[in-house]
């Protein structure tokens, strides 16, 4: 794509009321736009990143046997009174239409997916079952200050699993832990992300969440390097700083952000809706459930928080909006521009996503924009190096530049 | 995919309060579920159809140079008071959060996309520009009776185009007409869908919408066979039954459903937000706009209304959830079942999407389900024909069955 045709331009400043690093950088680079506190538009560059995150998640959900559905956001009040959460969930948006009908705006979908499953589930032969969706959620955050880490409206993958018993739930839950780790690995934050033990609530000794280490984190975790797991602050307050797996008491304290959560719901939601199945003896047994959430925008925000530097964003290749940022030095009649345009065409023919900076700007401005945008490989085409049959390449994450031929570039991308 | 693993089963009856043919069939076949009046969940089969419709639309939007974005549903009240539609739009959902902040739930996005464009648009060099999105819309339909044709929450592609003058808008508008016709053609309703002239409102003599002829239609159109266009009822009432292109007065009256609309907004929305650009002489000129909507669920519903028969749905190949419905006659230990399973694997290896009915049911039940689900090609594997090295194939839209070898099948799909 030609950068001159891109709808967005970079901005010198983020909005004055934007305090988060993730949103400031993403707004300045033209990936997102702030409509109001906690509510953002994904612009063409940001949308490309979002779709790549989605495709990583989709592949993993397929691996764990998830069937994709799409549930609505307008939820009848009755579904929420059945579980008691119409009154108990503080951040639930409520809408009344002009005929007096009351709805919740979905902030999570247990209240919808359980009665849905009830319509089709009857026999043990149908279990286990996993349903998931990727869609927008609404939560009434009154002071949303974390950019796309915690919005009033946000995109989430939520998967709900249904099991004959807790043993089968445990097995699936273990599989989902691995699946989530695969996702973080592919997103370039695997080495900074820890399965973190939290207090178990009403169900089991521990619950689990995934936390990514970053300076901007709102949470604090205590890492066991040997086991590559962590415990959250709450646990250390009651149990001391000790690894629940190996007993190691030499834990490393870090700031972090939650990037995914997995819950063993067991029969918490199947009971109020009376979701049961018939076992082999024909008895009615309550279905055991798990749920597994991951915010797509939050993931994008965490990557920005964890991997950027003072010049801008550093996208991992897997979710970068483009693989190559091709920069021509010279106006559109220059040899560099013409050659760069041909390189764009050849790279795109080979399936490489290229953003071609064909704008009539000074080199310094183009380089600053490239650093801000964070595309993994910068390729500079200038008359001076073209004389030697070379172009200059530089990885966004590294300082070093090198001169190579276009053929070498094609081989490497 | 194995049908035994599919989450949904077919149902004998649709909900008693479901009066529309599209939703009744789609619910019975397990494509959608009704959560409440005008609000539906897309189940795995329906979701597959939705994604195929989306991919047809996406390709066309790329052809017309659309840049994809994703705008939120929570709209600040101020944006809607600026255009006056906070008060004038009857079907606008309004939400107030506990801090008293008022929001509209987006039923359309002019109020968001115009101020967004204003942030980046400044020069004539940036025009024309086209931004689009595919996401859920909310409209307060108090009596939603048309299934997924007209929901309170629904998925829509909306594209907004920005132009230097009306001449450029006209040019783009003409291009979009063709683009929409391409979409309907690929969806299998091209021959039943007409560009329909409607009254122009405040902007121009005529506005245009696309109408698909079907018995269940709520609208009435008058078709000129020679020009392959139509006029709506309102126009015939003021101007008589006459083709606006060729003057033909011998028009054919048909019931129809609107499947897409295109509007020349001109400066209706750029003016209240003061969206202007600088022309070559440095003067500030209001931007001319167009908008182009198409409902994905509505398209699915129209296909069901227009192409089904008394036995069930008939999907066109382009949007069918699977290409082949492979039916084994015999239990899972039978030769037919084993052979069918191998055929599934071979077809899937070749990239053909197969639903394999591996359930332990009578042939009659399987055939009835196949007719209801509407997958284009039914392939029956039974011991009797296998003896002759043949399988039985039947197109859903035809009565005729034929016996062919598996190799011939592979060649033909």
Condition (residue is in the same structural domain as residue B:344 (by TED's automatic domain parsing), within 17 Å of residue B:312 (Cβ to Cβ) and under 34 Å from the mean Cα position of the chain (by Cα)) applied to the stretch B:386-395: is it met by at least one residue? yes
Report whether or not residue A:112 is at the interface with another protein chain (Cβ under 8 Å from one of its Cβ atoms), surrounded by 19 or more Cβ atoms within 10 Å (Cβ to Cβ) and assigned to a helix (DSSP H, G or I). yes
Just give me the residues in the stretch A:227-280 being surrounded by fewer than 15 Cβ atoms within 10 Å (Cβ to Cβ) and at positive phi, in sequence order. A:228, A:240, A:247, A:274
I need a count of the residues in the stretch B:281-307 that are farther than 30 Å from residue B:116 by Cα and either crowded, with 21+ Cβ neighbours inside 10 Å or free of Cβ contacts under 8 Å to residues at least 60 places away in the same chain (or both). 7
Condition met for residue B:64 (touching a strand residue (DSSP E or B) at 6+ places or on another chain (Cβ under 9 Å), within 25 Å of residue A:41 (Cα to Cα) and at pLDDT 95 or above): yes
Which count do you get for residues in the stretch B:10-29 that are out of contact with any helix residue (DSSP H, G or I) (no Cβ under 6 Å at 6 or more places or on another chain) and in a loop (DSSP other than H, G, I, E, B)? 6
Residue by residue through the stretch B:1-35, note down the ones that are closer than 18 Å to residue A:76 by Cβ and touching a residue at least 24 places away in the same chain (Cβ under 8 Å). B:18, B:23, B:32
Screening A:326, A:299 for residues that are in the same structural domain as residue A:363 (by TED's automatic domain parsing) and within 29 Å of the chain's Cα centre (by Cα) leaves only A:326
Selection within the stretch A:90-105 - within 19 Å of residue B:34 (Cβ to Cβ) and more than 10 Å from every other protein chain (Cβ to nearest Cβ): A:102, A:104
Residues located in the stretch B:63-89, provided they are away from every other protein chain (no Cβ under 11 Å) and part of a helix (DSSP H, G or I): B:63, B:80, B:81, B:82, B:83, B:85, B:86, B:87, B:88
Filter the stretch A:30-60 down to the residues that are in a loop (DSSP other than H, G, I, E, B), at the interface with chain B (Cβ under 10 Å from one of its Cβ atoms) and surrounded by 21 or more Cβ atoms within 10 Å (Cβ to Cβ) and list them by number. A:30, A:38, A:43
Subset of the stretch A:126-173 (residues that are modelled with pLDDT under 95, over 28 Å from residue B:155 (Cβ atoms) and within 13 Å of chain B (Cβ to nearest Cβ)): A:142, A:143
Going through the stretch A:171-194 in order, the residues found to be out of contact with any helix residue (DSSP H, G or I) (no Cβ under 6 Å at 6 or more places or on another chain), closer than 17 Å to residue A:226 by Cα and not in a helix (DSSP H, G or I) are A:194
Criterion (in contact (Cβ under 8 Å) with a residue 24 or more places away in the chain and in contact with a helix residue (DSSP H, G or I) (Cβ under 6 Å, 6 or more places away or on another chain)) met by exactly one of B:58, B:70, B:105, B:45: B:70
Within the stretch A:393-405, is there a residue that is over 20 Å from residue A:49 (Cα atoms), surrounded by 18 or more Cβ atoms within 10 Å (Cβ to Cβ), in contact with a strand residue (DSSP E or B) (Cβ under 9 Å, 6 or more places away or on another chain) and touching a residue at least 40 places away in the same chain (Cβ under 8 Å)? no
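The values are calculated or read from the model by the stated rules, or taken from the named source; none is laboratory data. Note that the coordinates shown come from a computational prediction; the quantities given were computed from them, not determined experimentally. Glycine also receives a Cβ, built like all others from the backbone with ideal geometry; neighbour counts cover every protein chain displayed.
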